[in-house]
1. With each pseudo-label sitting 7 Å past Cα toward Cβ, what's the residue 140-residue 264 distance in nm, one decimal?
2. If you line up the long axis of helix 14-25 against the longest principal axis of the chain, both from Cα atoms, how many degrees apart are they, to the nearest 10?
3. Just grab the label-to-label distance for residue 149 and residue 176, each label 7 Å out from Cα along the Cβ direction, in nm (one decimal).
4. Grab the Cα-Cα distance for residue 257 and residue 32, subtract it from 0.36 nm times how many residues apart they are, and report the gain in nm with one decimal.
5. If you average 1/r over all unlike Cα pairs in region 167-288 and invert the result, what Kirkwood radius do you get in angstrom?
6. Give me the number: length gained by fully extending residue 18 to residue 111, i.e. 0.36 nm times residue separation minus the C-alpha to C-alpha distance, one decimal in nm.
7. Helix 271-297 versus the longest principal axis of the chain: what angle, 0 to 90°, nearest 10, using Cα atoms?
8. Taking only the alpha carbons of region 30-143, what extent do you get along each of the three principal axes, in Å, biggest first?
């Protein structure tokens, strides 16, 4: 499916044209957001399940991650519909071009949110009770960019909420380890979304969008570095607390190398390189999960 094709092509039936527009709206062609949301959920499931989480629960969380991230994209574009056309990176988004109407974006958000809730119904009641909080955080984040320079914290809470949900789904409770992992996930999101915001900093200043990239100013690399150190330290403590060994430490070491590489990428604050640093976080998350997976699988 060519998602970059022009809208309103007479060769396409109307329903296919709308599906293509909705696919663009939910970033079907750009799965990086889903992956960044998926890795913490998998960390939590493997830690909570001591390397053997129920596979039905794993599949439910994978489906829920992709549905909620897609819903988040729809509500994000609705919130940014009046400014996206004025930002170089976002001016071709479906709402900015008129390919999708604001009403349609809200409909997509509600439909995907309902689907995510229905997918979660086989889980225990505690996990289901936590689900509306995830929805509220996902809906709140896009609007925070107008009122605070810390919208990335709200994104981190939204992406991190999968962690306590994973613990309750597997164990029925959230121990201190789970809340520490939630904190680590929030810090990680603050790191990569600040790198992401560094791409648009000039346009954001013009249109009045706030971000941690703007707030950190010339200290952005230093603060990101400190946050990276805090994130890795918390993840190391979690691994030791869970009794993990060499494979986990190897994964943590690889993740630390990726963090250093990201610092190299953002050293000149060039938009393209900052975007590559943001994308590189997928490999960082994968390295941590691979280390965790192998440490449980190969004792």
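Quick note: the coordinates plus some simple rules give every number you see, no bench work behind them. Computed from a prediction, not measured in an experiment: that's the story for all the values here. Cβ atoms come from the backbone with ideal geometry, glycine included; neighbour counts cover every protein chain shown.
1. 3.9 nm
2. 50 degrees
3. Modelled inter-label distance: 3.4 nm.
4. Length gained between residue 257 and residue 32: 79.0 nm.
5. Evaluated on region 167-288, it is 15.3 Å.
6. 32.0 nm is the gain from fully extending residue 18 to residue 111.
7. Helix 271-297 and the main axis of the chain meet at about 40 degrees.
8. Principal axes ranked by extent give 48, 24, 20 Å for the Cα atoms.
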